[in-house]
Amino acid sequence: MQHFIKNIQVNKDTIHFFHNYKINIDKDRVFKSLDCFTDSPVYDIMDEIYYELIAGIDDLLDVTASFYIEDTKSTSEIWEIQDCSQTIYTTATIGSRISEKIAELFAKYDQIEGVILDAIATEIVMEIGNQLHFLIYNYITENGFGAVMLSPGEYGASSSYQNTIKNKMGSQNNVDVTESFLLEPIKSSSRIYGLKPGIPAARELHNCKSCNDNLCKWRRTAYVSTS
């Protein structure tokens, strides 16, 4: 059966690539993650460095955003989705060049530049992951499903699920997995969606209001307890 996601023809059991992403960098989020605000004594210096870095950011990016859809196998090792109808695996990476540049800056003791570029890289991969999630969300809702969403290694989901994604996508997604289940390149992300009717589908990739990680520097809103 074929489906369409925003004019992308989708077949099951094959890898697909999301090309319509945009490189959006939220400067306020980057600076907040660094605990640097407009009244900080180093703000003007960091502001100047930030704009110097983003001026050449495109040369440091090698983006691959991918997804793979299949009917859920009864033998799936992912126990959280064994009762689901379909499974979607996604990965997003911005490549290794930017991490190499960050390492180069630290090696030259350009600490401020390295820290800012690392925060920019994190913001970019998070944003591309958000855009990929919205694409998947459209597929989920347009086909009458809700979804269980897993991030390997987070909130109790096994880190070993990274290998499950790797086994589905092979090397085409330009993301590898280490023996300790870390993603390479470092600035990469992955998700697993278990689709079934009768449950909600989260429009937002992450809900800061329900996340109790109060130390997270990427938090957008305050935690609101539902208990």
* For residues that are touching a residue at least 60 places away in the same chain (Cβ under 8 Å) and more than 25 Å from Asn173 (Cα to Cα), tally how many sit in segment 80-121. => 5
* Examine segment 185-195 for a residue that is more than 16 Å from the chain's Cα centre (by Cα), farther than 20 Å from Asn130 by Cα, modelled with pLDDT of 95 or more and not aromatic (Phe, Trp, Tyr), and state whether such a residue exists. => no
* To do: Please list, ordered by first then second residue, the pairs with beta carbon atoms under 8 Å, 6 or more apart or interchain, first in segment 16-36 and touching a residue at least 12 places away in the same chain (Cβ under 8 Å), second outside any loop (DSSP other than H, G, I, E, B) and loosely packed, with under 13 Cβ neighbours inside 10 Å.
  => Ile23/Asp58
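Report whether or not Asp58 is among the charged types (D, E, K, R) and in contact with a strand residue (DSSP E or B) (Cβ under 9 Å, 6 or more places away or on another chain).
Details: among the charged types (D, E, K, R): yes; in contact with a strand residue (DSSP E or B) (Cβ under 9 Å, 6 or more places away or on another chain): no.
The answer is no for Asp58.
Taking segment 11-30 as the search range and keeping residues that are over 21 Å from the mean Cα position of the chain (by Cα) and surrounded by 10 or more Cβ atoms within 10 Å (Cβ to Cβ), which one is modelled with the highest pLDDT? Can you show your working first?
Pass one, segment 11-30, residues over 21 Å from the mean Cα position of the chain (by Cα): 11-13.
Retained after the next criterion (residues that are surrounded by 10 or more Cβ atoms within 10 Å (Cβ to Cβ)): 11-12.
Numbers: Asn11: 88, Lys12: 92.
Residue satisfying both the conditions and the ranking: Lys12.
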* Looking at segment 35-61, which of its residues are surrounded by 13 or more Cβ atoms within 10 Å (Cβ to Cβ) and closer than 30 Å to Tyr139 by Cβ? -> Ile57, Leu61
* Asked: Which one of these does Ile124 not meet: (1) out of contact with any Cys (no Cβ under 8 Å at 6 or more places or on another chain); (2) over 26 Å from Val42 (Cα atoms)?
  -> (2)
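Taking the options Glu77, Glu154, name whichever one is in a loop (DSSP other than H, G, I, E, B), acidic (Asp, Glu) and without any contact (Cβ under 8 Å) to a residue 24 or more places away in the chain. Step through it out loud before you land on a result.
Working: Glu77 fails: without any contact (Cβ under 8 Å) to a residue 24 or more places away in the chain.
None of the other options fit; the residue is Glu154.
Can you find a residue that is more than 25 Å from Asp83 (Cβ to Cβ), buried (at least 20 other Cβ atoms within 10 Å of the Cβ) and not β-branched (Val, Ile, Thr) anywhere in segment 163-173?
To start, the set of residues in segment 163-173 that are more than 25 Å from Asp83 (Cβ to Cβ) comprises 170-173.
Applying the additional criterion that residues be buried (at least 20 other Cβ atoms within 10 Å of the Cβ) yields 173.
Cutting the leftovers down to not β-branched (Val, Ile, Thr) gives us 173.
Within segment 163-173 (the criterion being more than 25 Å from Asp83 (Cβ to Cβ), buried (at least 20 other Cβ atoms within 10 Å of the Cβ) and not β-branched (Val, Ile, Thr)), the answer is yes, since at least one residue qualifies.
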* Kindly provide the set of residues from segment 25-81 that are within 20 Å of Ile116 (Cβ to Cβ) and among the small types (Gly, Ala, Ser), ordered by number. => Ser33, Ser40, Ala55, Gly56
* Structure fact -> Those residues of segment 95-149 which are buried (at least 18 other Cβ atoms within 10 Å of the Cβ) and in a loop (DSSP other than H, G, I, E, B) amount to Gly95, Phe145
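The values are calculated or read from the model by the stated rules, or taken from the named source; none is laboratory data. Remember, it's a predicted structure, so these values are computed and weren't measured experimentally. Quick reminder, even Gly has a Cβ in these numbers, built from the backbone with ideal geometry, and neighbours come from all protein chains shown.
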